[in-house]
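Read through the structure below, which is laid out as structure tokens, and then see the notes.
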Amino acid sequence: MTKVLQRPTLILNRNWQPVNVATVARALVLLWNESARVVYPADYQLYAWADWSKLRPRDGEDSIRAVRFRLRVPEVVALSGYDRLPVAHVTFSRRNIFKRDHYTCQYCGAQPGSEELTLDHVVPRSQGGVSSWENCVLACMACNKRKADRTPEQARMRVRKQPVRPAWKPLYADHELRIESWSKFISEAYWNVTLRE
Ligand SMILES: [Zn+2]
């Protein structure tokens with residue numbers, strides 16, 4: 001039971017944007033005091049505590065054993081009164097850019113290892129490009145050399161994927177347990193994330 005209660009639950013805000021990861025224990029408290037409702041990932045149905053506590057776990061499904069009954073384990077809950085996004089962003093750092101770009105050159109797709117990858121300013125600094133999530137990508141030595149002090153257009157190269165701030169990443173990246181149903185909510189937020197700077 002303790003193990004189940006320590007499992008991660010994805011916390012969404014009122015607009016169903018992921019804002020945090022909390023333990024199942026914490027999610028149940030939010031549910032119980034009506035600050036949040038369970039989102040059932042299969043059909044997106046919402047359950048308040050009163051309804052959720054009436055559901056019985058299916059055979060073979062993990063559950064929480066209370067004194068007189070067993071509870072289903074919520075995987076996603078949505079807060080009722082909170083519509084902001086988390087203030088904390090992923091730190092703009094070398095390490096996190098490597099993570100975001102999966103150690104892959106964003107021009108040719110090579111994965112030569114971190115020693116052979118460089119940080120490339122898509123719009124070069126000499127042309128007013130800034131150091132930001134949206135203007136920095138990984139490039140292998142060869143691509144970096146080829147592109148030199150030019151924009152991709154000028155160099156006739158293509159960035160494989162529009163670089164964005166990975167707002168969703170720290171939410172679940174640190175958890176070993178990947179919950180399949182979360183991807184529905186996390187990818188949604190990822191594509192809708194507002195670009196800043
Ligand atoms: Zn390359």
With +1 on the Cβ of every Lys and Arg and -1 on the Cβ of every Asp and Glu, and nothing else charged, how large is the dipole of the stretch 30-129 about its Cα centre, in debye rounded to the nearest 20?
400 debye
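Over 26 Å apart: what share of the alpha carbon pairs of the stretch 1-126 falls there, rounded to a whole percent?
Working: 3442 of 7875 pairs.
Pairs farther apart than 26 Å: 44 percent.
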Would you work out the charge dipole size for the stretch 1-74 about its Cα centre, treating the Cβ of every Lys and Arg as +1 and the Cβ of every Asp and Glu as -1, and quote it to the nearest 20 debye?
240 debye
Sorting Arg100, Arg84 on solvent-accessible surface, 1.4 Å probe, most exposed first, gives Arg84, Arg100
Given R₀ = 30 Å, what would the calculated FRET efficiency be for Arg94 paired with Asn20, taking r from the Cβ atoms and rounding to 0.05?
0.70
Scattering from the C-alpha atoms of the stretch 1-60 alone, worked out with Debye: what is log10 I(q)/I(0) at q = 0.18, 0.23, 0.25 1/Å?
-0.67, -1.10, -1.27
Which of Ala22, Gln45, Leu55 sits closest to the plus end of the dipole of the stretch 1-116, meaning its Cα is farthest towards the positive end, when Lys and Arg get +1 and Asp and Glu get -1 on the C-beta?
Leu55
Largest-first ordering by accessible area, 1.4 Å probe, given options Trp182, Trp16:
Trp16, Trp182
How large is log10 I(q)/I(0) at q = 0.17, 0.25, 0.27 Å⁻¹ when the Debye formula is applied to the Cα atoms of the stretch 70-152, each weighted equally and without solvent?
-0.72, -1.21, -1.33
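The values are calculated or read from the model by the stated rules, or taken from the named source; none is laboratory data. Treat the numbers as computed from the prediction; the structure is a model and nothing was measured. Glycine gets a Cβ as well: all are built from the backbone with ideal geometry, and neighbour counts include every protein chain shown. Please note that ligands, DNA and RNA were not included when accessible areas were found on the heavy atoms of the full protein model with its side chains. Shrake-Rupley method; radii C 1.70, N 1.55, O 1.52, S 1.80 Å.
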